[in-house]
Amino acid sequence: MITAMRPVIVAANWKMHTTPADAGELARTIARRTADADVVRIVCPPFVALAAVRDALADAAPPIAVGAQNVHHELHGAFTGEVSAPMLAGLATWVIVGHSERRRDAGETDMLVGRKIGRAVEAGLRPILCVGEQHNERDAGLAEAVVDAQVRGALGTHDAAVLEAGGLVVAYEPVWAIGTGHTARGADASDMADGIRRTVADLGWADGGAGLPILYGGSVTSANIAEFLAEPAIDGALVGGASLQPDEMAGIVARAAMTARARLDPIATG
Ligand code: PGA
């Protein structure tokens, strides 16, 4: 079964929430409440809280990874307020790239997002590339075309084998579902994941993109995560608002762990 090759991943995007002190405490609580070796867990606090979260999670067992929420497309220079990939060494092992809030507020284009992906991979950071359509684009039947263009725009200039080796993950996050309480339907997210794998296959990925983990994001909670994980094409979630609540994270990761075990051993777990 092809999905058995891919990990189940739950990534927490804390956005512009938590002070360093709050973040360390919250990370410790979440690590304890979600301790499950079958799920890849990632916590992405604000830049200023990365060191505190790294330290708070240093002894976590099983380990839980730390991610940044953004990275600059240059290595260094006169870019006031920015943070480059080499600066994240020792602080993070993952980085979210191209989140729709940054596309909206910081004017990030697909080309810029692509350069960020390159910097992340060069620095040994695993990128989570965010893509997703606006509501009017879905209504117009353009959702798949929009996401296809975003994936091509961000990844098309890179060597597919380098991105595969760099551990790229894609998060499908329909913009209208982020922070709204409205989610995509599981079947629509699955269709989109299939489309994203077709796109990366066209860009040269091995095995029709079968090795590419794809997450769903947009108003994920412990109450709705099952609908997405029921889709074999979906490998986990990028969670915003609910990821600040330990009870929610406990529920989401518990469900993800069931999926991970079922995919590893479909006969034993039914
Ligand atoms: P949300 O955010 O879960 O609060 O909708 C998801 C995201 O922006 O990654």
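The values are calculated or read from the model by the stated rules, or taken from the named source; none is laboratory data. On a predicted model such as this, the values are computed, not experimentally measured, just so you know. We place every Cβ from the backbone using ideal geometry, glycine too, and count neighbours over all the protein chains shown. These accessible areas exclude ligands, DNA and RNA; they are computed on the full protein's heavy atoms, side chains included. Shrake-Rupley method; radii C 1.70, N 1.55, O 1.52, S 1.80 Å.
Here are a few things to note about the model shown:
- Note on region 223-243: among residues that are of a type in the set (A, V, I, L, M) and within 11 Å of the ligand (Cβ to nearest atom), the one that is farthest from residue 256 (Cα to Cα) is 242.
- Counted residues, region 199-219 - those being closer than 30 Å to residue 22 by Cβ and touching a helix residue (DSSP H, G or I) at 6+ places or on another chain (Cβ under 6 Å): 3
- Of all residues in region 201-219, those that are open to solvent by 10 Å² or more (accessible area, probe 1.4 Å) and within 16 Å of the ligand (Cβ to nearest atom) total 1.
- Near pairs, Cβ below 9 angstrom, 6+ apart or cross-chain, from region 25-47 (over 21 Å from residue 261 (Cα atoms)) to any residue that is open to solvent by less than 30 Å² (accessible area, probe 1.4 Å) and among the aromatic types (Phe, Trp, Tyr): 26/14; 43/14; 44/14; 44/94; 45/14; 46/14
- For the residues 18, 29, the requirement of being within 16 Å of the ligand (Cβ to nearest atom), more than 20 Å from residue 116 (Cβ to Cβ), among the hydroxyl-bearing types (Ser, Thr, Tyr) and out of contact with any Ser or Thr (no Cβ under 8 Å at 6 or more places or on another chain) singles out 18.
- For region 89-115, residues that are surrounded by fewer than 24 Cβ atoms within 10 Å (Cβ to Cβ) and more than 16 Å from the ligand (Cβ to nearest atom) total 11.
- Where a residue in region 55-74 is open to solvent by 40 Å² or more (accessible area, probe 1.4 Å) and its partner, wherever it lies, is at pLDDT 95 or above and of a type in the set (S, T, N, Q), with Cβ under 8 Å and at least six apart: 69/13; 74/84
- Selection from region 226-240 of residues that are open to solvent by 10 Å² or more (accessible area, probe 1.4 Å) and either under 14 Å from the mean Cα position of the chain (by Cα) or at pLDDT below 95 (or both): 240
- Within region 168-187, if we keep just the residues that are more than 13 Å from the ligand (Cβ to nearest atom) and open to solvent by 10 Å² or more (accessible area, probe 1.4 Å), the residue that is farthest from residue 100 (Cα to Cα) turns out to be 187.
- The conditions of being open to solvent by less than 20 Å² (accessible area, probe 1.4 Å) and touching a residue at least 40 places away in the same chain (Cβ under 8 Å) are met by residue 163.
- When residue 54 is tested against (1) out of contact with any strand residue (DSSP E or B) (no Cβ under 8 Å at 6 or more places or on another chain); (2) over 24 Å from residue 173 (Cβ atoms), only condition (1) is not met.
- Taking first residues from region 96-116 that are within 8 Å of residue 70 (Cα to Cα) and partners that are within 11 Å of the ligand (Cβ to nearest atom) and open to solvent by 40 Å² or more (accessible area, probe 1.4 Å), the Cβ contacts under 6 Å between residues at least 6 apart in sequence or on separate chains come to 96/69.
- Positions within region 29-46 being charged (D, E, K, R) and within 26 Å of residue 168 (Cα to Cα), in sequence order: 36, 38, 41
- Flag for residue 223 being of a type in the set (A, V, I, L, M, F, W, C) and without any contact (Cβ under 8 Å) to a residue 40 or more places away in the chain: yes
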